[in-house]
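The values are calculated or read from the model by the stated rules, or taken from the named source; none is laboratory data. None of these values were measured; they are calculated from a predicted model. Don't worry about glycine lacking a Cβ; one is built from the backbone with ideal geometry, like all the others, and counts go over all protein chains shown. With ligands, DNA and RNA removed, areas are computed over all heavy atoms of the protein, side chains included. Shrake-Rupley method; radii C 1.70, N 1.55, O 1.52, S 1.80 Å.
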Amino acid sequence: MQYRRLGKSGLKVSELSLGSWVTFHNQVDYDKAKNLMTLAYDAGVNFFDNAEAYASGQAEVIMGKVLRDTNWGRDSYIVSSKVFWGGQKATQRGLSRKHVRDACDAALKRLGVDYLDLYYCHRPDPTTPVEETVRAMHELIMQGKVLYWGTSEWSAQQIFEAHGIAREFHLTPPTMEQPQYNMFHRERFEAEYARVFSELGYGATIWSPLASGILSGKYNVGIPPESRMTLKGYEWLRGELESPEGQMRLMKVRELEKLTRELGMSMAQMAIAFCLKNRNVSSVILGASRPEQLMETLKATELVTRMDDKVLDVIEGILQNKPIDPNAPM
Ligand code: NDP
């Protein structure tokens with residue numbers, strides 16, 4: 001396992017990490033979660049990602065129990081939470097000072113830790129002034145409940161606004177983003193965020209590197225039973241897969257798969273290695289419902305060197321979606 005700095009901070013995060021969205025509580029019970037987290041930790045993973053929204057807090061309850069039972073040193077791992085989708089009541093959602101504080105306290109309790117290493121605003125909240133959220137996050141940091149705070153799926157403009165406010169009032173600025181990034185979803189990460197990385201030194205923990213499993217190639221010949229696309233509540237994902245755009249993506253995955261055979265790696269490994277090639281990525285957050293999946297994707301870290309410029313050119317030829325680099329000379 002390699003470790004990368006989280007942006008310009010001193011925190012060294014494993015380039016592959018493990019998240020709990022969809023899986024923990026829904027597909028993966030406590031024993032399975034313990035097995036997956038142990039497999040990851042033993043392979044050098046030091047970051048476990050979570051959110052108040054995941055399984056309505058139950059993903060954090062499971063992760064917290066694993067962290068307690070394994071007894072790993074608190075100084076040996078990084079754990080996150082995210083605030084935005086708490087309960088249904090008006091005060092239980094969004095990024096108001098009240099909810100940011102209540103959600104942090106609740107996450108600490110569920111996870112059974114004294115502090116969160118990383119705390120993200122899961123989405124921007126147009127109904128709360130950014131200054132209120134920046135102050136609320138700053139206070140949590142001053143109280144020692146959070147070490148680093150960041151955003152998830154905020155526009156570059158919103159991130160710069162939060163930075164400007166932090167600078168003006170001498171508050172702690174956000175230092176990291178959690179955006180979606182994968183072979184199909186590149187525009188924001190590679191183009192819109194260019195200045196966020198170069199000027200603000202942001203770190204990035206990226207999500208859905210397999211586009212919810214599509215980039216593993218397993219949907220190339222239909223929808224396997226027990227896969228994410230068959231889960232109740234995720235019909236929208238299946239709808240996306242079955243749309244004309246989704247079918248076009250599958251055609252590309254079939255093309256990419258031919259290349260993986262020449263390279264001696266699986267489709268999932270190539271998709272993860274593609275993300276790792278981007279130096280603005282601090283950590284690729286993996287998801288897994290089964291240990292075999294994780295054993296496969298964790299190996300991607302050893303395969304990145306096979307992705308040379310020639311291979312990347314072939315991939316670009318298949319994907320046909322390379323964003324225009326805003327820093328490129330005219
Ligand atoms: P992926 O796109 O990598 O999808 C993971 C899923 O793909 C697995 O649960 C499994 O699904 C399938 N899979 C994984 N490995 C393999 C394999 N080797 N072969 C076949 N199938 C495989 O990542 P996620 O969408 O799960 O996102 C990862 C993490 O990112 C989340 O857990 C969460 O922590 C974070 N996240 C953050 C978001 C945000 O808004 N900030 C949003 C979404 C995620 P199955 O077995 O069920 O088919």
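Do any residues in region 80-95 that are β-branched (Val, Ile, Thr) have Cβ atoms under 8 Å from those of residues that are open to solvent by 30 Å² or more (accessible area, probe 1.4 Å), where the two are at least six apart or on different chains, and which pairs are they?
Note: pairs meeting the criteria are 91/98; 91/102.
Name the residues in region 249-289 that are more than 10 Å from the ligand (Cβ to nearest atom) and hydrophobic (A, V, I, L, M, F, W, C), would you?
250, 251, 253, 256, 259, 263, 265, 270, 273, 274, 276, 281
Just need a number here: residues in region 295-324 that are open to solvent by 80 Å² or more (accessible area, probe 1.4 Å) and either within 16 Å of the ligand (Cβ to nearest atom) or within 27 Å of residue 201 (Cβ to Cβ) (or both). Reasoning before the result, please.
So in region 295-324, the residues open to solvent by 80 Å² or more (accessible area, probe 1.4 Å) come out as 295, 299, 302, 305-306, 309-310, 313, 320, 322, 324.
From the residues that got through so far, the ones that are either within 16 Å of the ligand (Cβ to nearest atom) or within 27 Å of residue 201 (Cβ to Cβ) (or both) too are 295, 299, 302, 305, 309, 322, 324.
Residues meeting the conditions: 7.
Select from region 199-235 the residues that are under 21 Å from residue 269 (Cβ atoms) and basic (Lys, Arg) and list them in ascending order.
Scanning region 199-235 gives 218, 228.
With the requirement that a residue be open to solvent by 10 Å² or more (accessible area, probe 1.4 Å) and β-branched (Val, Ile, Thr), what does region 138-153 give you?
141
To keep it simple, each residue is scored yes or no on (1) out of contact with any Phe, Trp or Tyr (no Cβ under 8 Å at 6 or more places or on another chain); (2) open to solvent by 10 Å² or more (accessible area, probe 1.4 Å).
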{"site": "22", "(1), (2)": "no, no"}
{"site": "38", "(1), (2)": "yes, yes"}
{"site": "55", "(1), (2)": "no, yes"}
{"site": "95", "(1), (2)": "no, no"}
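Look through 292, 245 and report the one residue that is assigned to a helix (DSSP H, G or I) and within 13 Å of the ligand (Cβ to nearest atom).
Being assigned to a helix (DSSP H, G or I) and within 13 Å of the ligand (Cβ to nearest atom) holds for just one of 292, 245, which is 292.
Condition first: among the hydrophobic types (A, V, I, L, M, F, W, C) and surrounded by fewer than 24 Cβ atoms within 10 Å (Cβ to Cβ). Now tell me which residues in region 117-135 satisfy that.
First, the residues of region 117-135 that are among the hydrophobic types (A, V, I, L, M, F, W, C): 118, 121, 130, 134.
Answer for region 117-135, where residues must be among the hydrophobic types (A, V, I, L, M, F, W, C) and surrounded by fewer than 24 Cβ atoms within 10 Å (Cβ to Cβ): just 130.
Within the set of pairs 6 or more residues apart or between chains, which connect a residue that is of a type in the set (Lys, Arg) inside region 118-131 to a residue that is open to solvent by 20 Å² or more (accessible area, probe 1.4 Å) with Cβ atoms less than 7 Å apart?
Note: pairs meeting the criteria are 123/84; 123/153.
Exactly one condition in (1) open to solvent by 10 Å² or more (accessible area, probe 1.4 Å); (2) under 17 Å from the mean Cα position of the chain (by Cα) is false for residue 74; which is it?
Failed condition: (2).
Out of the residues in region 41-53 that are open to solvent by 20 Å² or more (accessible area, probe 1.4 Å) and small (Gly, Ala, Ser), which is farthest from the ligand (Cβ to nearest atom)?
Result: 43.
Take residue 238 and tell me if it is within 13 Å of the ligand (Cβ to nearest atom), among the basic types (Lys, Arg) and touching a helix residue (DSSP H, G or I) at 6+ places or on another chain (Cβ under 6 Å).
In short, yes.
(1) more than 20 Å from residue 256 (Cβ to Cβ); (2) surrounded by 19 or more Cβ atoms within 10 Å (Cβ to Cβ); (3) in contact with a strand residue (DSSP E or B) (Cβ under 8 Å, 6 or more places away or on another chain): which one isn't true of residue 209, the others all being true?
Residue 209 satisfies every listed condition except (1).
Given the residues 226, 190, which is the only one that is within 9 Å of the ligand (Cβ to nearest atom) and either surrounded by fewer than 16 Cβ atoms within 10 Å (Cβ to Cβ) or of a type outside the set (A, V, I, L, M) (or both)? It would help to see each step written out before you state the result.
On the way: 190 fails: within 9 Å of the ligand (Cβ to nearest atom).
Selected residue: 226, the only one of 226, 190 that is within 9 Å of the ligand (Cβ to nearest atom) and either surrounded by fewer than 16 Cβ atoms within 10 Å (Cβ to Cβ) or of a type outside the set (A, V, I, L, M) (or both).
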